[in-house]
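Notes follow once the structure below has been shown.
The values are calculated or read from the model by the stated rules, or taken from the named source; none is laboratory data. Every value quoted in this text rests on a predicted model; they were computed, and no experiment measured them. All Cβ positions, glycine included, derive from the backbone under ideal geometry; neighbour counts span all protein chains shown.
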């Protein structure tokens, strides 16, 4: 993620929405600052597509929806709008600002880690998500190796950390009651060899 520089800073929410509507790029918003979302790698794209597909299949007929990175999440406590790589909402979808492209109640959020965003995804972004009462599980997926990390909310300030690695492993997603093979998450992904 990088800062989007213009002569106009800070932005109002309305100006941010107008920028998003007139641009082919995506931007995240925090306290009046606008950040351009950089393009992803082939592995990032494959992993994101694979996890969305696998979650949809695993959830079957449960009353849950899986959204791609085209859906923004509003985080009022941080005055932010962010784009998770994927998110799951079970039950009624709650939209923000009277718009159908911004949700407020993700149960599970997925971020595919990249060199440029890993620190932010693990730190500040995770803290933002934690302010959402609906948010119960955070999933971080490595692009460099078959490794999936999950953080499951135990109570307001405690999270259970689990890592699952190796192509023969299965990742448990307790907040939504499903399990997915790591091989399905990393289908057709080519890892760099040293």
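Can you find a residue that is assigned to a loop (DSSP other than H, G, I, E, B), closer than 19 Å to residue 111 by Cα, in contact with a helix residue (DSSP H, G or I) (Cβ under 8 Å, 6 or more places away or on another chain) and at pLDDT below 95 anywhere in the stretch 3-21?
Scanning the stretch 3-21, I find no residue that is assigned to a loop (DSSP other than H, G, I, E, B), closer than 19 Å to residue 111 by Cα, in contact with a helix residue (DSSP H, G or I) (Cβ under 8 Å, 6 or more places away or on another chain) and at pLDDT below 95, so the answer is no.
Tell me yes or no: at least one residue of the stretch 83-105 is in a strand (DSSP E or B), in contact (Cβ under 8 Å) with a residue 60 or more places away in the chain and more than 12 Å from the chain's Cα centre (by Cα).
yes
Just give me the residues in the stretch 110-135 being part of a helix (DSSP H, G or I) and either touching a helix residue (DSSP H, G or I) at 6+ places or on another chain (Cβ under 9 Å) or surrounded by 13 or more Cβ atoms within 10 Å (Cβ to Cβ) (or both), in sequence order.
118, 120, 121, 122, 124, 125, 126, 127, 128, 129, 130
Of the residues in the stretch 150-159, how many are under 18 Å from the mean Cα position of the chain (by Cα) and either over 24 Å from residue 186 (Cβ atoms) or surrounded by fewer than 18 Cβ atoms within 10 Å (Cβ to Cβ) (or both)?
Residues in the stretch 150-159 being under 18 Å from the mean Cα position of the chain (by Cα) and either over 24 Å from residue 186 (Cβ atoms) or surrounded by fewer than 18 Cβ atoms within 10 Å (Cβ to Cβ) (or both): 2 in total.
Going through the stretch 36-47 one residue at a time, which ones are surrounded by fewer than 18 Cβ atoms within 10 Å (Cβ to Cβ) and not in a loop (DSSP other than H, G, I, E, B)?
Listed by number, the residues that qualify are 36, 42, 45.
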